[in-house]
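Below: the structure, in structure tokens.
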Amino acid sequence: MSPVSLSGENGLVLLLDEVVRASADVGATSSRTAKAERVAALLRHAGPDEAAVVVPWLSGELRQRRTGVGYATLRDAPPPADAPRLTVREVDAAFALLAEVAGAGAAAERRRIVHDIWCRATAAEQRLLVGLISGELRQGALEGVMIEAVARATEVPVADVRRAAMLCGAVAPVAEAALRGGAGALTEFRLQVGRPVQPMLAGTATSVGEAIGKLGTAALDWKLDGIRAQLHKDGDDVAVFTRSLDDVTARVPELVAAVSAFPARTLVLDGEAIALRDDGRPRPFQETGARAATRTTETPKSLSLFVFDVLHADGADVFDEPLSSRREVLADVVPALHQVPSIVTASADEAAAFFDETVRRGHEGVVAKSLTAPYEAGRRGAGWLKVKPVHTLDLVVLAAEWGHGRRRGWLSNLHLGARDPDSGGFVMLGKTFKGLTDELLRWQTAELLAREVERNDWQVFVRPELVVEIAFDGVQTSSRYPGGVALRFARVLRYRDDKTAAEADTIETVRAFRT
């Protein structure tokens with residue numbers, strides 16, 4: 001179906017239905033090339049402003065980070081429309097309104113806005129919107145696919161698109177610029193002090209020995225369980241951004257003060273902010289997160305700053321330089337007190353000893369880094385490899401939620417429970433959809449439906465019989481779940497057909513992991 005001819009920027013207005021069709025096609029294939037070409041076909045129909053909307057959508061995200069809309073708002077939403085007529089611009093404008101709603105009467109106003117859109121959306125469009133609002137629209141069209149799609153749609157070299165996205169922190173503005181002005185328009189994207197760039201990410205190694213085997217002589221940094229902090233200094237002005245590029249400058253005056261005292265006049269640094277106890281051990285992650293999230297400066301949980309990389313110093317961009325050179329610059333512009341503890345070694349034994357000591361101090365593990373690698377912003381390259389101890393628990397599946405995108409029709413997001421010996425029941429700890437292959441999704445859907453006891457529009461509740469082995473990074477205090485704790489970064493390893501629910505781990509075992 002072609003877009004409707006209306007008074008759009010390119011003579012056309014993109015219908016939401018076109019995005020629905022593209023989403024279904026992208027989710028139905030595992031081919032990266034096919035995904036990129038299908039997204040590119042959509043972008044060729046889109047105006048530049050529409051591309052800035054649909055690029056995040058097809059990555060499963062909204063441009064507006066928060067809408068305030070939950071399932072309660074959707075519970076009595078109007079039935080679907082018979083034919084597609086909603087445009088991308090109309091839906092984006094509605095989400096923008098939702099993001100601004102606050103104060104008295106906010107719930108009623110959100111309901112009005114949502115219902116106005118819902119009554120004009122087809123059933124397929126409603127499903128797409130639910131997936132976007134819930135954050136569970138997963139189609140496999142992640143950033144790498146989107147960069148390739150933009151390059152195909154605009155006939156701009158993919159390397160130019162990738163670099164521009166790295167420097168501006170997102171693909172959507174690059175897509176809009178490329179559609180407006182081609183490759184020439186992307187030259188406007190440069191590293192700019194005060195504008196955050198996407199952080200470089202680490203791959204995973206199972207051991208420090210494996211990491212050293214892949215990298216050779218490498219730098220090993222402490223891996224801190226804190227808040228990623230990108231720090232920009234321009235004279236007396238300092239800005240602090242999170243991993244998601246949110247500006248938290250006003251919330252972290254101690255970080256601002258620290259960077260203000262660094263000797264260079266202009267800086268872009270990458271580091272970690274973490275709340276430490278008096279003995280130097282980390283406080284629970286929640287305390288660090290709460291400290292970074294609050295706007296008050298009255299909390300006693302002061303954050304300590306540890307810097308591990310530099311992208312710019314005193315007018316010179318250095319992110320393309322190898323890590324060995326960047327470490328020399330870092331030593332000159334960041335006082336030793338604020339440098340992350342690190343060693344350089346080619347010895348697996350020395351690396352293992354450093355790892356063990358780091359974990360003994362209460363930290364997550366280490367990140368091994370190639371000394372020859374540049375800072376590849378926005379990429380999870382092979383130049384950085386994180387190594388962490390693996391924690392696992394055997395938990396019981398209590399319910400599951402229907403998937404979206406390429407997982408539509410399968411039960412995906414699992415509700416996990418620990419055994420409570422006192423009550424004889426199970427205590428919910430949280431949810432996860434990570435680690436599930438297509439084969440496992442098919443198997444668990446059939447097995448869970450065979451154990452169904454109740455359902456609603458998006459959840460199926462089951463008899464607590466299936467035991468699943470879950471890997472996780474830690475346990476934190478949580479008021480959201482009845483057991484008072486929740487798992488961090490839980491992912492499925494396998495189902496335990498050799499265990500019954502009566503042999504699952506207890507809630508006290510889970511709580512023992514809490515720091």
Members of the stretch 482-503 found to be within 30 Å of the chain's Cα centre (by Cα) and either touching a residue at least 60 places away in the same chain (Cβ under 8 Å) or under 21 Å from W402 (Cβ atoms) (or both), listed by number: G483, L487, R488, A490, R491, V492, L493, Y495, R496
Out of (1) surrounded by fewer than 24 Cβ atoms within 10 Å (Cβ to Cβ); (2) over 21 Å from V307 (Cα atoms), what's the single condition that is false for A202? (2)
Among P389, P374, the single one that is closer than 26 Å to A486 by Cα, open to solvent by 40 Å² or more (accessible area, probe 1.4 Å) and not in a helix (DSSP H, G or I) is P389
Can you tell me how many residues within the stretch 203-249 are in a strand (DSSP E or B) and not β-branched (V, I, T)? 18
Does the stretch 344-358 contain any residue that is open to solvent by 50 Å² or more (accessible area, probe 1.4 Å) and in a strand (DSSP E or B)? yes
Report, by residue number, each residue of the stretch 155-167 that is open to solvent by less than 30 Å² (accessible area, probe 1.4 Å) and part of a helix (DSSP H, G or I). V161, A164, A165, M166, L167
Meets criteria (open to solvent by 50 Å² or more (accessible area, probe 1.4 Å) and touching a Ser or Thr at 6+ places or on another chain (Cβ under 8 Å)) for D116: no
Report, by residue number, each residue of the stretch 392-410 that is more than 15 Å from A446 (Cβ to Cβ) and buried (at least 24 other Cβ atoms within 10 Å of the Cβ). L395, V396, H404
Can you tell which of G424, G381, G365, G405 is within 22 Å of S324 (Cβ to Cβ) and of a type in the set (G, A, S)? G381
W384, sole failed condition from (1) open to solvent by less than 50 Å² (accessible area, probe 1.4 Å); (2) closer than 20 Å to A471 by Cβ; (3) hydrophobic (A, V, I, L, M, F, W, C); (4) in contact with a Lys or Arg (Cβ under 9 Å, 6 or more places away or on another chain): (2)
Out of curiosity, is V492 hydrophobic (A, V, I, L, M, F, W, C), in a helix (DSSP H, G or I), out of contact with any His (no Cβ under 9 Å at 6 or more places or on another chain) and crowded, with 19+ Cβ neighbours inside 10 Å? no
Those residues of the stretch 421-456 which are farther than 15 Å from R491 by Cα, modelled with pLDDT under 90 and in a strand (DSSP E or B), in sequence order: G425
Note: among R281, R251, just one is touching a residue at least 12 places away in the same chain (Cβ under 8 Å) and exposed (fewer than 14 other Cβ atoms within 10 Å of the Cβ), namely R281
For the stretch 419-454, which residues satisfy the criterion of being charged (D, E, K, R) and closer than 24 Å to R408 by Cα? K431, K434, D438, E439, R442, E447, R451, E452, E454
From I133, I147, grab the single residue that is open to solvent by less than 30 Å² (accessible area, probe 1.4 Å) and closer than 23 Å to R243 by Cα. I147
Considering only residues that are within 25 Å of A273 (Cα to Cα) and among the charged types (D, E, K, R), which ones fall in the stretch 209-236? D221, K223, D225, R228, K233, D234, D236
Report the residue count in the stretch 55-109 for those that are surrounded by 13 or more Cβ atoms within 10 Å (Cβ to Cβ), over 30 Å from A177 (Cα atoms), over 26 Å from the mean Cα position of the chain (by Cα) and touching a residue at least 40 places away in the same chain (Cβ under 8 Å). 4
Among the residues of the stretch 495-513, which ones are at pLDDT below 85, surrounded by 15 or more Cβ atoms within 10 Å (Cβ to Cβ) and among the charged types (D, E, K, R)? K499
State yes or no: is R152 under 20 Å from the mean Cα position of the chain (by Cα), open to solvent by 20 Å² or more (accessible area, probe 1.4 Å) and under 23 Å from K35 (Cα atoms)? no
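The values are calculated or read from the model by the stated rules, or taken from the named source; none is laboratory data. Here the structure is a predicted model, which means the values were calculated and not measured. Neighbour counts run over all protein chains shown; Cβ positions are idealised from the backbone, glycine included. In case anyone asks, the SASA skips ligands and DNA or RNA and just uses the protein heavy atoms, side chains included. Shrake-Rupley method; radii C 1.70, N 1.55, O 1.52, S 1.80 Å.
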